[in-house]
Amino acid sequence: MSIILEVKNLVKSFPEVCAVKGVSFSIPRGICFGLLGPNGAGKTTTIEVIEMILNNDAGEILYKGKPRGASFREEVGIQFQNTELPQYLTVKETLETFRNLYGRRADIDDLIETCQLEELLDRDNRKISGGQKQRLLLAMALANDPELVFLDEPTTGLDPQARRHLWEIVRTIKRKGKTVVLTTHYMEEAQILCDRIAIMDYGEIIAEGTPQELLNRHRSGTRIHLGIIPEKEKLEGFPWQWFDNDGFLEIHTDSVNHSIEELMRRGIDLSSMTIRSHNLEDLFIELTGHQLRA
Amino acid sequence: MIKRIWTLFVARNREFIRDRSAFGWNIAFPFLIVLGFGLMFGQDRQVLYKAGIVYAPAQQVRGRGVDNSLTKEPLAEQQIDAFKKTRYVEYITFPSQEHALKTLAHHRIDILINPSTGRYWVNATSPKGYIAERLLLAAGTDSGPAFIRQTITGRETPYIEWLFPGILGMNMMFSALFGVGYVVVRYRKNGVLKRMSVTPLRPWEFLTAQIISRMFLLLGTTAVVYIGCAMIFGFHCKGSYLTMLFIFALGGFSMISLGLLVSSRSSSEEFAGGILNLITWPMMFLSEVWFSLEGANPWVKKISLAFPLTHMIDGVRKVMNDGAGMSDLKYHIIALSAMSLLFMAAGSMLFKWQRE
């Protein structure tokens with residue numbers, strides 16, 4: 001699979017902070033690449049340098065194997081997290097305005113269908129919901145039929161239904177062979193949409209791979225949750241790691257059956273028990289030492 | 001390139017026209033002002049009047065005083081002395097009656113008195129001239145009035161025709177500066193400019209579209225207001241309409257460029273609003289929108305020449321009131337062109353897509 005974007009030793013500093021400290025990664029064509037990290041990790045700075053909004057202090061960025069030229073902006077689509085729409089224009093007028101800024105243009109009917117805008121075309125931008133606005137912003141990012149699309153936290157602030165709606169559109173974009181670079185705070189979103197993930201913290205990439213690779217490489221296993229904290233003597237010498245997680249018991253185990261047998265042997269009430277696999281969020285907390293903050 | 005500029009031009013026009021409050025205000029505001037002044041004919045309530053007095057240079061003393069011993073008409077001098085005791089009247093001396101009459105015809109003074117001939121002149125249509133005349137006559141001695149009333153020869157400029165270019169110019173100034181300055185700052189603040197910056201759109205294409213759109217709207221609304229007022233008040237333009245349109249267009253371009261310069265970097269509407277107010281208020285008072293600067297300190301007159309509004313209003317008044325042609329307006333055209341170039345060059349160099 002050919003590489004569409006390659007970032008080598010990227011460095012970007014601001015007067016009081018070095019936001020990106022020698023970041024390197026490459027993105028194969030046609031995949032969804034997730035860049036994850038808490039606020040201040042440097043992921044937005046990294047993306048904005050790639051998008052040519054900021055200049056880098058050092059490092060190299062290659063698009064299709066060459067430094068980005070004037071055609072880069074013609075060939076990529078960008079959706080920012082916080083963009084207001086022009087006032088007093090309808091959805092269709094906004095889409096056409098941005099589409100006309102490009103030499104290469106996507107088919108307007110195809111755009112409308114892909115982003116499910118049929119019902120909104122004549123509606124004033126000021127009268128659409130958050131989810132509808134994100135779909136329009138996504139359509140604007142696709143207005144030039146880009147090969148590479150940057151989506152910066154596209155589902156932040158959306159309700160679960162609108163979020164799933166947008167995931168479906170991202171899947172459609174992927175099916176059309178486009179490469180997607182996604183930044184997100186939602187681990188579930190990254191796990192569902194991304195083929196490869198890079199986790200950033202303090203300006204560096206601390207882990208990279210497919211979601212499964214990351215989980216296998218760093219930790220496998222299962223989490224058992226109990227809605228209570230049993231008496232301390234009942235947990236004395238318990239063979240697996242356990243934590244008091246805000247009044248709940250959390251056990252990290254690689255053997256669910258044996259763990260449950262041990263809990264039953266010790267007479268611990270399992271009526272509030274839930275079991276789930278180790279996921280990206282657990283991995284993220286382990287790697288960065290802090291929760292993802294929206 | 002053309003397609004991008006055209007697209008933004010159309011989008012901006014749609015925004016402006018659909019923003020009914022702003023659009024309506026741009027049309028209604030000058031109508032209301034002119035209508036208000038129309039209703040005030042003959043009922044002027046202003047308190048400051050300017051009286052011109054013709055004295056030969058030998059009769060002048062330093063400043064604006066009058067050497068009474070040299071005047072030929074003692075009775076007239078008595079009346080002038082009494083008239084000068086009237087508060088809120090400013091006295092301006094003129095060495096030449098011809099120049100003074102021209103100044104009166106342009107409403108830069110409200111009454112002209114020549115003590116050596118015992119005559120005074122007023123504009124029949126000037127509400128301020130009417131009051132000034134009443135004040136002069138009221139200052140007469142027991143021996144009866146010492147002056148004979150004269151009306152200026154030829155077609156005098158009705159007061160409202162003198163005022164009208166000022167009102168139109170002021171409206172254009174607000175529309176150009178706030179309409180462009182505020183919109184660009186708002187676009188930058190809410191991220192619309194940032195979004196545009198990642199398309200192939202170049203800064204000069206964006207700025208050109210903003211200028212063309214605002215020029216189109218400015219000249220369109222000005223034409224509507226001009227035609228409307230001309231129909232209501234029966235205005236008469238002595239010069240060419242094309243010349244007047246050219247001066248309006250050049251003045252509008254200059255002020256739009258100034259708006260783009262103000263908005264070239266800021267992302268704070270409050271800050272931009274403060275700067276725009278700082279620019280518009282002195283322009284409104286020193287560019288002879290409402291009153292003439294005749295008799296003002298020379299440094300005030302010099303400052304007023306730095307404003308594009310001064311050159312636009314003066315140029316349009318010369319076309320409308322005096323029938324001036326392009327060659328008579330060279331000075332204003334050069335000044336407005338130079339300012340436009342300066343503002344555009346600085347605005348383009350300083351322009352930033354994003355907030356700092």
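Selection of strands (runs of 3 or more DSSP E) fully inside the stretch A:203-285 by the criterion of at least 2 residues being within 16 Å of A:Met187 (Cβ to Cβ) returns A:204-209, A:274-277. Cβ-Cβ contacts under 8 Å between residues 6 or more apart (or on different chains), taken from a first residue in the stretch B:87-106 that is assigned to a helix (DSSP H, G or I) to a second residue that is surrounded by fewer than 19 Cβ atoms within 10 Å (Cβ to Cβ) and hydrophobic (A, V, I, L, M, F, W, C), are listed as B:Leu101/B:Ile152; B:Leu104/B:Ile152; B:Ala105/B:Ile152.
Scan the stretch A:225-250 residue by residue and report those that are hydrophobic (A, V, I, L, M, F, W, C) and more than 30 Å from A:Ala198 (Cβ to Cβ). Once the filter is applied, which keeps residues that are hydrophobic (A, V, I, L, M, F, W, C) and more than 30 Å from A:Ala198 (Cβ to Cβ), the stretch A:225-250 yields A:Leu226, A:Ile228, A:Ile229, A:Leu235, A:Phe238, A:Trp240, A:Trp242, A:Phe248, A:Leu249. Here A:Pro154 meets the list (1) surrounded by fewer than 23 Cβ atoms within 10 Å (Cβ to Cβ); (2) outside any helix (DSSP H, G or I) almost entirely, failing just condition (1).
Tell me, which helices (runs of 4 or more DSSP H) wholly within the stretch B:127-243 include 3 or more residues that are at pLDDT 85 or above?
Working: elements: B:127-138, B:159-189, B:192-197, B:203-233.
Ranges flagged: B:159-189, B:192-197, B:203-233.
Residues checked against (1) within 13 Å of chain B (Cβ to nearest Cβ); (2) within 24 Å of the chain's Cα centre (by Cα):
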| position | (1), (2) |
| --- | --- |
| A:Arg104 | yes, no |
| A:Lys133 | yes, yes |
| A:Leu142 | yes, yes |
| A:Pro146 | yes, yes |
| A:Thr155 | no, yes |
| A:Asp159 | no, yes |
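Looking only at residues in the stretch B:1-37 that are under 17 Å from B:Leu177 (Cα atoms) and among the aromatic types (Phe, Trp, Tyr), which one is nearest to the other protein chains (Cβ to nearest Cβ)? Here the residue is B:Phe16.
Is it the case that the stretch A:110-125 has a residue that's touching a residue at least 40 places away in the same chain (Cβ under 8 Å), at negative phi, out of contact with any His (no Cβ under 7 Å at 6 or more places or on another chain) and within 12 Å of chain B (Cβ to nearest Cβ)? It would help to see each step written out before you state the result.
We begin by selecting, within the stretch A:110-125, every residue touching a residue at least 40 places away in the same chain (Cβ under 8 Å); these are A:114-116, A:125.
Checking which are at negative phi leaves us with A:114-115, A:125.
In the following step, the residues that additionally are out of contact with any His (no Cβ under 7 Å at 6 or more places or on another chain) were identified as A:114-115, A:125.
So of that shortlist, the ones also within 12 Å of chain B (Cβ to nearest Cβ) come out as A:125.
Yes, some residue in the stretch A:110-125 is touching a residue at least 40 places away in the same chain (Cβ under 8 Å), at negative phi, out of contact with any His (no Cβ under 7 Å at 6 or more places or on another chain) and within 12 Å of chain B (Cβ to nearest Cβ).
Scanning the stretch A:65-77 for residues that are outside any loop (DSSP other than H, G, I, E, B), away from every other protein chain (no Cβ under 14 Å) and over 14 Å from A:Leu10 (Cβ atoms) yields a count of 1.
Among the candidates A:Ile192, A:Ile197, single out the residue that is assigned to a helix (DSSP H, G or I), β-branched (Val, Ile, Thr) and under 30 Å from A:Glu168 (Cβ atoms).
Working: A:Ile197 fails: assigned to a helix (DSSP H, G or I).
Result: A:Ile192 is the single residue among A:Ile192, A:Ile197 that is assigned to a helix (DSSP H, G or I), β-branched (Val, Ile, Thr) and under 30 Å from A:Glu168 (Cβ atoms).
Among the residues of the stretch A:69-104, those identified as within 20 Å of B:Lys3 (Cα to Cα) and of a type in the set (A, V, I, L, M, F, W, C) are A:Ala70, A:Phe72, A:Val76, A:Leu89, A:Val91, A:Leu95, A:Phe98, A:Leu101. Can A:Leu85 be described as more than 14 Å from every other protein chain (Cβ to nearest Cβ) and either buried (at least 18 other Cβ atoms within 10 Å of the Cβ) or at pLDDT below 90 (or both)? Here the answer is no, as A:Leu85 does not meet what is asked. Hey, could you check the stretch B:298-352 for residues that are part of a loop (DSSP other than H, G, I, E, B), touching a residue at least 40 places away in the same chain (Cβ under 8 Å) and buried (at least 17 other Cβ atoms within 10 Å of the Cβ) and say which is farthest from the chain's Cα centre (by Cα)? Step by step, filter the stretch B:298-352, then rank; the result is B:Phe351.
Of the listed requirements (1) under 21 Å from B:Leu8 (Cα atoms); (2) within 12 Å of chain B (Cβ to nearest Cβ); (3) of a type in the set (Asp, Glu), A:Glu48 misses just one: (1). Specify which of the listed residues (B:Ser266, B:Ser292) is in contact with a strand residue (DSSP E or B) (Cβ under 8 Å, 6 or more places away or on another chain), at pLDDT below 85 and not in a helix (DSSP H, G or I). Going through B:Ser266, B:Ser292 in turn, just one is in contact with a strand residue (DSSP E or B) (Cβ under 8 Å, 6 or more places away or on another chain), at pLDDT below 85 and not in a helix (DSSP H, G or I): B:Ser292.
Just to be sure, is A:Leu62 farther than 25 Å from B:Tyr187 by Cα and either more than 13 Å from chain B (Cβ to nearest Cβ) or free of Cβ contacts under 8 Å to residues at least 24 places away in the same chain (or both)? Explain how you work it out, then say what you get.
Values: farther than 25 Å from B:Tyr187 by Cα: yes; either more than 13 Å from chain B (Cβ to nearest Cβ) or free of Cβ contacts under 8 Å to residues at least 24 places away in the same chain (or both): yes.
Yes; evaluated as a whole, the condition is true for this residue.
The values are calculated or read from the model by the stated rules, or taken from the named source; none is laboratory data. In this text the structure is predicted, and so the values were computed from the model without any measurement. Because the Cβ atoms are built from the backbone with ideal geometry, glycine has one as well, and the counts that use them run over all protein chains shown.
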